[in-house]
1. Of these, 111, 142, which one is in a helix (DSSP H, G or I) and either among the basic types (Lys, Arg) or crowded, with 18+ Cβ neighbours inside 10 Å (or both)?
2. Scan the range 583-600 and tell me whether some residue there is buried (at least 19 other Cβ atoms within 10 Å of the Cβ) and under 26 Å from residue 754 (Cβ atoms).
3. Mind checking which pairs have a first residue in the range 805-816 that is over 17 Å from residue 692 (Cβ atoms) and a second that is in a strand (DSSP E or B) and of a type in the set (S, T, N, Q), Cβ under 7 Å, 6 or more apart or different chains?
4. Which condition from (1) part of a helix (DSSP H, G or I); (2) in contact with a Gly (Cβ under 7 Å, 6 or more places away or on another chain) is the one that residue 128 breaks?
5. Mind counting the residues in the range 4-19 that are at negative phi and either free of Cβ contacts under 8 Å to residues at least 60 places away in the same chain or in contact with a Cys (Cβ under 6 Å, 6 or more places away or on another chain) (or both)?
6. Determine the pairs where a residue that is more than 21 Å from residue 160 (Cβ to Cβ) and at pLDDT 95 or above, located within the range 182-210, has a partner that is among the acidic types (Asp, Glu) and loosely packed, with under 14 Cβ neighbours inside 10 Å with Cβ atoms under 8 Å apart, the partner being 6 or more residues away or on another chain.
7. Could you tell me how many of the residues in the range 242-256 are over 49 Å from the mean Cα position of the chain (by Cα), among the basic types (Lys, Arg) and at pLDDT below 90?
8. Got a number for residues in the range 556-571 being surrounded by 15 or more Cβ atoms within 10 Å (Cβ to Cβ) and touching a helix residue (DSSP H, G or I) at 6+ places or on another chain (Cβ under 9 Å)?
Amino acid sequence: MHKNQYLLHQNKIIVNDKESNLEELEIQLYQKPNSKLLGYKLRLQLYNLSRKNSDSTYRVWLEKKPNRMERMKKIYSKKQVDRLGKSFLVSGYSEFLKKVGEAPVVMDTAKITRSKKRLNLYFYNRGFYDAKVEAKIDTLSKRKTKVSYFVKTGDVYVIDSVFRKIQTPVVDSMYQAISGSSLVEKGKPFTAQMEDDEKNRITKEFRDNGLYYFEKTNINYDADSIGKEKKLNLIVRIDNKKIKQGDSLISKPFKIYKIGRVNIFTDRQTNDKTSVIDSTTYKNLHIYSSGKLKYRPKTLADAIFIEEGEVFSDKNKVLTGKALSNFKVFYFPRIQYVENNNDSNTLTANIILSPLKRRQFVIKADVTTSNIQDFGISGYMGVTFRNVFKGAEILDFSMRGNLGSSSKLSNPNDLFFNVREYGADLKLSFPRIFFPINTRKVIKKDMFPTTSITMGMSKQTNIGLDKESYVSNFYYDWTTTKGKEKKYRFDLFNLQFIRNLNTANYFNVYKYSYNVLNSYAQTFGANSNYLDNDGNLTYPGAVSFVNDVVNGAYNTIPVGSSDYRTINSIGERRKRLIENNLIFSSAFSFNLSSKKDFNDVEFYNIRAKVESAGNFVALIANQLPAKYNDNGNKTMFGVEYAQYFKFELEYIKHLHIRRKSSLAFRTFGGIAIPYGNSNSIPFSKSYFAGGSNDNRGWLAYSLGPGASNSLNDFNEANFKLSANLEYRFNIFGKLNGALFADAGNIWNIYDNVDDEKLKFNGVQSFKDIALGSGFGFRYDFGFFVVRTDFGFKTYNPAKEMDQRWFKDVSLSEGVFNIGINYPF
């Protein structure tokens, strides 16, 4: 800064003798002090560390001594000498510091004057027509200044009466019909926002009821104050339509237009009929094609809300565009209206469709690494077929595969790629409800319904227990957008069959369970046939040891003792996890969101899901000769089928605090209750706690159940409660920070678990709710956000009561999480 310049250190806004911190007022100022991080102007200091003219400084250094340039050229070429001046060590670091830093904000009296005018306009637009704004500059030490803005608002002007002056009679009648819902009311301040909202409301009503040429700019408000009173007489003035005729404007009354004809051009970029080969008429829709018509007329009619004989409506135009786009076989359609020559009161609607490619191929490949795979190559190949049956159906077929190398998994043949996984998926979608009974009265076409049928299979080897999975699903989706967006999904059926191919590998996968058993085997002296040469349990020996304990072979482990319950629990869990699963379920999901658009930072979201499994299969099984497995449960095709009821509810709330900071809150509750043919929940349908999208103080699957100390490698249960609170703030540029607190746990309830530490026992179990807290960073790339979180176990219910709080809050005990996008 020059010696006659001053750094802007602080702005203050005092409204009617009270200091205000409203963000809306701060935004009005043209100059704001340098940003702070925890009270320190870090970015300003980084900027000050840079060299202001690093290129010139380097050039001066080169020319300071006559022979320096020549000596440099002998060592390096002239181009290299010039390039050295732009290197990171010479000037690059200065440019970097300038980029991440922030230039000093120098007080500018011209900007202070503009800020005063903007503040005055802010209050004027809110009904304070007599507002006055003054500014005072205070010089502080070290060439810093503080600018104070003093605002005297005066009294607000309120509406006393509203009159109208409307030239076109039909518009006047229409205005009177909708005036009961007016936002401009007697006794309220007349603000710029109120005026704009009312103009939008009137324009929407008029354009949805036939006034094709009406625009928002046709509405004006004249305001007159009443004597010395702070009251206003308002006149809403709507003039006739202005039309340019030659060099002059003439005035014509507005009129209501009806739709005289609807044309659909299915595969053209224009509405030119000269090369039409195929055409048809269906329900007063005139459909044209330059080749043989590729779409069923009924399918197109289902998406058209613009109807012959009805009045023009912007709403119907928007709905038609959304419905046609929802087909996903066209680009967004162009809808044009043309005034008819033969009837000046009607419009022809031309709907111009541009088809997407009927077939589309996608091929992807990636190199991956994880805690299981040291190295992996994955591939994906997919093909999409559009308009399969001429009804805008979409068929997606994809195949995926993965070859990986892992030093942690079995590799008897010493192969480099010892991990393999592959699968295929098929999905057929219909842009309508595919059901034998007409559902139009319940699910209307403006809800944009779709029906989807999916099938898939996958197989993995050398991973865990090696699984084969077969999945089939039949579900419906629809949406309502009146007010807040509501999304619905009904799964008519979801069929899953999961088969474990390598159950003998169980204790190799679940190492923690094995280590617990091995410890017991050493303590109580397991049968020597169960041990290897080092005296440890073999994997088959571990199974035999559990069976012996359960059958009472060890007097030192009496039935009912804590040691017996632990060993029995490991055995029961093994049986459950190695069993093949047959799940036939139906579900209904509901999602309500108040989010208006992508930039909306203050909204809430509610999600609920109800799922029931096994009833249909049980009905069939009851009609067949009973077949039971070793657990005494009924089977279908030799597999025990799951029977349970599941309910989930999630609530998310985002609050904007100020500037680029917000508060995000989430709470979740879920329960899955086994009944009938099941006394536990399949692993794939149970709940876990911990991880980057849950309680970040614990790794995934490592928290709970209840007060247990993570008895298994993958801990799960059938009841879950959780809550998350996160404060998000901007650090600088696209780098954001977060402070968070995560609470929750999982428990067993109404199932076959007997250990009290694992069970939910009402209010007293709330003391088992774990609390994790920490901080994180987020970098916004625009399309996605990369985030890192450092979580700490603030309250650990697995420990004794006097050891639960703050005993694990250290860097060595912290959990590092990395994820894509925000956790909620």
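The values are calculated or read from the model by the stated rules, or taken from the named source; none is laboratory data. Computed from a predicted model, the values in this text were never measured in an experiment. In this analysis, Cβ positions are derived from the backbone assuming ideal geometry, glycine residues included, and neighbour counts consider all displayed protein chains.
1. Details: 142 fails: in a helix (DSSP H, G or I).
Result: 111 is the single residue among 111, 142 that is in a helix (DSSP H, G or I) and either among the basic types (Lys, Arg) or crowded, with 18+ Cβ neighbours inside 10 Å (or both).
2. yes
3. Final answer for the pair search is 806/794; 809/794.
4. (1)
5. 3
6. Pairs that qualify, where the first residue is more than 21 Å from residue 160 (Cβ to Cβ) and at pLDDT 95 or above and the partner is among the acidic types (Asp, Glu) and loosely packed, with under 14 Cβ neighbours inside 10 Å, are 203/215.
7. Residues that pass the stated criteria total 0.
8. Total satisfying the criteria: 8.
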